[in-house]
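Have a look at the structure below, then the notes.
The values are calculated or read from the model by the stated rules, or taken from the named source; none is laboratory data. As the structure is a computational prediction, the values presented were derived from the model and not from experiment. Reconstructed Cβ throughout: ideal geometry from the backbone, glycine too, with neighbour counts over all protein chains shown.
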Amino acid sequence: MNNFQRGALAALLIVIVGTAALAPAGIGLIVAARSERQQRVERLSILADAALYRAEDITRRLSGALGEIGKVNETPCSTPYLHALRQITLTHDQVRDAGAYDRDGRWQCSSLLGAVSAGTFDGLTLPPPDWRSSDGLSAWYGLARLPGGKESLVLGRDGFYITADPSLYVDGIDTDLAHEGRVAVINTEARRVIAGTPSTDASAVLAVYSQHKPPPDCSAVAVRQSASMPLAVIVSVPRETWRQRVRSLPWGWLFGGVAVGLACACWAAYFVVRRISPRGQLSDAVRRHQFIVAYQPIVDLATRRCVGAEALVRWKHHDRIVRPDHFIPLAEHGGLIQAITDQVLDTVLLELGEFLRHYDDYYISVNLSASDLTTHRFLDVLGPAIEQQGVRPQQIRIEATERAFLDADAAKDVISAFRRAGHAVYLDDFGTGYSSLSHLQSFSVDGLKIDKSFVDTVGQDAASSSVASHIIEMAATLDVQVIAEGIEREEQAAYLRARGAQFGQGWLFSPPLSAADFVRYAGETRTS
Ligand code: C2E
Ligand code: CA
Ligand code: CA
């Protein structure tokens with residue numbers, strides 16, 4: 001996967017994870033809004049039913065009271081008549097007053113005021129009724145009979161009447177939802193509002209009744225038509241009530257949840273992106289111990305006998321074997337190399353511990369990087385590990401390239417500590433760096449490995465092949481061993497041996513082998 005593909009995948013992941021985190025909140029909001037709307041409609045419907053029930057009940061009771069007056073068998077406005085009216089107003093809570101009027105609508109008497117003698121309440125004549133039923137019932141809506149008096153609902157028949165407080169229709173609705181909506185009761189024949197909750201706009205209510213459309217300041221409306229009376233109730237919920245409910249939603253929690261969801265999404269995306277980065281994958285490999293070790297035999301050039309092997313790490317990644325050149329630099333920069341060095345050592349001791357214990361003249365070379373050479377950490381790991389396996393310190397050798405000498409003073413100190421502990425130390429890839437010679441002088445080492453590039457030219461190019469022979473000469477002067485790397489042809493082996501190189505490593509002898517193959521190879525060259 002190249003960088004572009006990785007970036008695209010990361011962006012896609014962030015989008016997917018972000019959507020996954022936000023989607024539940026979004027869906028939750030939509031569902032909550034729908035369910036709130038649904039509930040609003042249901043509550044409004046319950047309120048409308050209760051309001052209609054109340055309106056019919058009050059109308060029935062008032063008609064009942066009016067009927068009782070009709071049955072009073074006394075001379076209208078006589079003392080016993082007024083006494084009977086008073087009885088009726090007392091037994092019917094809903095009735096404010098009852099009385100009589102003459103043919104011309106002039107007021108005669110009242111249970112409250114008694115006989116209304118001419119002159120006392122002159123001019124108090126009932127106006128034409130707002131509505132008259134086919135059976136002679138008359139109704140006046142919002143009539144104030146006395147100056148400054150309360151507006152009443154007046155029902156009359158055959159010269160007698162009762163008055164009632166219109167708010168009876170809307171105040172005593174038997175549901176705890178009553179406070180949520182506006183209620184208005186209308187006479188559907190007269191197209192008049194009989195009663196309404198405060199601030200009822202009569203013309204708006206009548207428009208709602210005829211058009212079934214909520215008024216502009218209301219979010220929902222319900223209309224119920226009475227089956228037995230010319231009555232309808234109109235119930236609506238002001239938008240403000242709905243807004244208050246929305247405001248009272250636990251927005252803090254909601255936004256908190258979304259924020260936490262987003263943070264989790266970002267964290268998850270970051271985590272995934274890290275995991276799919278090369279370093280993330282290598283770190284995963286370290287955690288899962290995905291490294292294996294190949295052993296490339298090192299032979300005595302004179303006898304061709306195997307004397308040991310170099311441990312070469314490989315990364316087993318999805319059934320592929322990744323060569324160290326592809327991941328060691330990343331491990332070095334990514335702070336993972338020490339863990340890899342430790343795993344190589346563990347594997348060496350696990351696979352070849354018994355072999356080394358048994359054949360104590362064989363050794364295994366381990367490659368170290370700069371960070372392994374700046375402290376004594378690896379030495380502290382190595383000592384107890386080999387002691388536990390019964391492997392001698394001489395059987396584990398150290399290879400370090402010039403790149404590992406970044407901090408020359410620390411490396412010098414660590415190298416001498418390895419040597420004091422009994423581990424031979426080799427300068428790897430000798431001759432390829434700028435200061436190989438100065439390192440050879442300033443670091444006390446046990447040997448050097450001539451880089452393959454100098455071995456390659458042996459027998460081909462006289463000038464550069466002589467580099468190998470100069471290195472061998474120099475090593476002899478300094479009394480350090482020489483191992484020539486990358487020997488592929490017999491003539492190279494012969495040339496190097498003739499110049500004085502004692503040991504060699506390369507495909508001519510053997511490629512890197514598994515532990516079992518290496519043990520076999522060592523056994524074969526021992527007996528031959
Ligand atoms: P190196 O230490 O110079 O290892 C020798 C490399 O040359 C190995 O490559 C080996 O397979 C290859 N080789 C040996 N003989 C021949 C030959 O005749 N012809 C050819 N063409 N190649 C030959 P490899 O295993 O890919 O290792 C590459 C480098 O990775 C090593 O170079 C070493 O610097 C590093 N490395 C390997 N294992 C480790 C380790 O455990 N830790 C550290 N820090 N570095 C390691
Ligand atoms: Ca090496
Ligand atoms: Ca080398």
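Summary of computed values
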item	result
Filter pass, V366 being in contact with a Phe, Trp or Tyr (Cβ under 8 Å, 6 or more places away or on another chain) and modelled with pLDDT of 95 or more	no
Pairs where the first residue, in segment 79-105, is on the phi > 0 side of the Ramachandran plot and the second is not in a strand (DSSP E or B), C-beta under 6 Å, 6+ apart	G105/L126
Residue, farthest from ligand 1 (Cβ to nearest atom), within segment 285-344, restricted to residues that are of a type in the set (G, A, S) and assigned to a loop (DSSP other than H, G, I, E, B)	A302
Residue in segment 343-359 that is touching a strand residue (DSSP E or B) at 6+ places or on another chain (Cβ under 7 Å) and within 16 Å of ligand 3 (Cβ to nearest atom) present	yes
Matching entry among L282, L349, L356 (being surrounded by 14 or more Cβ atoms within 10 Å (Cβ to Cβ), in the same structural domain as Q394 (by TED's automatic domain parsing), assigned to a helix (DSSP H, G or I) and touching a Phe, Trp or Tyr at 6+ places or on another chain (Cβ under 7 Å))	L356
Some residue of segment 366-378 being surrounded by fewer than 20 Cβ atoms within 10 Å (Cβ to Cβ) and under 26 Å from I471 (Cα atoms)	yes
Yes/no for A493 being at pLDDT 95 or above and part of a helix (DSSP H, G or I)	yes
Check on A184, modelled with pLDDT of 85 or more and more than 18 Å from D57 (Cβ to Cβ)	no
Some residue of segment 328-338 being farther than 14 Å from L282 by Cβ, within 16 Å of ligand 3 (Cβ to nearest atom) and aliphatic (A, V, I, L, M)	no
Test: residue in segment 422-433 that is away from ligand 3 (no atom under 16 Å from the Cβ), in the same structural domain as D342 (by TED's automatic domain parsing) and not in a helix (DSSP H, G or I)	yes
Residue that is nearest to ligand 2 (Cβ to nearest atom) [pool: residues in segment 494-513 that are of a type in the set (A, V, I, L, M, F, W, C) and exposed (fewer than 15 other Cβ atoms within 10 Å of the Cβ)]	W507
Positions within segment 128-151 being modelled with pLDDT of 85 or more and buried (at least 20 other Cβ atoms within 10 Å of the Cβ), in sequence order	A139, W140, Y141
Pair list, Cβ under 9 Å, 6 or more apart: segment 436-460 residue at negative phi, other residue away from ligand 3 (no atom under 16 Å from the Cβ) and among the charged types (D, E, K, R)	S442/K412; F443/K412; S444/K412; S444/R419; V445/R419; D446/R419; V458/R489; V458/E491
Options E491, E473: the member that is more than 16 Å from ligand 1 (Cβ to nearest atom) and exposed (fewer than 15 other Cβ atoms within 10 Å of the Cβ)	E473
Residues located in segment 341-374, provided they are β-branched (V, I, T), under 44 Å from the mean Cα position of the chain (by Cα) and within 14 Å of ligand 2 (Cβ to nearest atom)	T341, V344
Hey, L336 farther than 30 Å from G500 by Cβ, crowded, with 16+ Cβ neighbours inside 10 Å and at pLDDT 95 or above or not	yes
Given (1) under 26 Å from H333 (Cβ atoms); (2) more than 16 Å from ligand 2 (Cβ to nearest atom), number of the condition H439 does not satisfy	(2)
Some residue of segment 469-485 being in a loop (DSSP other than H, G, I, E, B), within 13 Å of ligand 3 (Cβ to nearest atom) and either within 58 Å of the chain's Cα centre (by Cα) or not assigned by TED's automatic domain parsing to the domain that holds I364 (or both)	yes
Test: residue in segment 482-499 that is closer than 30 Å to A385 by Cβ and among the acidic types (D, E)	yes
Condition check for G431: under 17 Å from G504 (Cβ atoms), surrounded by fewer than 22 Cβ atoms within 10 Å (Cβ to Cβ) and within 16 Å of ligand 2 (Cβ to nearest atom)	yes
Evaluation of A33 against (1) assigned to a helix (DSSP H, G or I); (2) in contact (Cβ under 8 Å) with a residue 60 or more places away in the chain (one fails), failing number	(2)
Test: residue in segment 427-444 that is over 30 Å from V519 (Cα atoms) and among the aliphatic types (A, V, I, L, M)	yes
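Residue by residue, here is whether (1) more than 16 Å from ligand 1 (Cβ to nearest atom); (2) more than 27 Å from D342 (Cβ to Cβ); (3) out of contact with any Lys or Arg (no Cβ under 8 Å at 6 or more places or on another chain); (4) in a helix (DSSP H, G or I) holds:
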{"residue": "L206", "(1), (2), (3), (4)": "yes, yes, no, yes"}
{"residue": "P216", "(1), (2), (3), (4)": "yes, yes, yes, no"}
{"residue": "V221", "(1), (2), (3), (4)": "yes, yes, no, no"}
{"residue": "W253", "(1), (2), (3), (4)": "yes, yes, yes, yes"}
{"residue": "C264", "(1), (2), (3), (4)": "yes, yes, yes, yes"}
{"residue": "R275", "(1), (2), (3), (4)": "yes, no, yes, yes"}
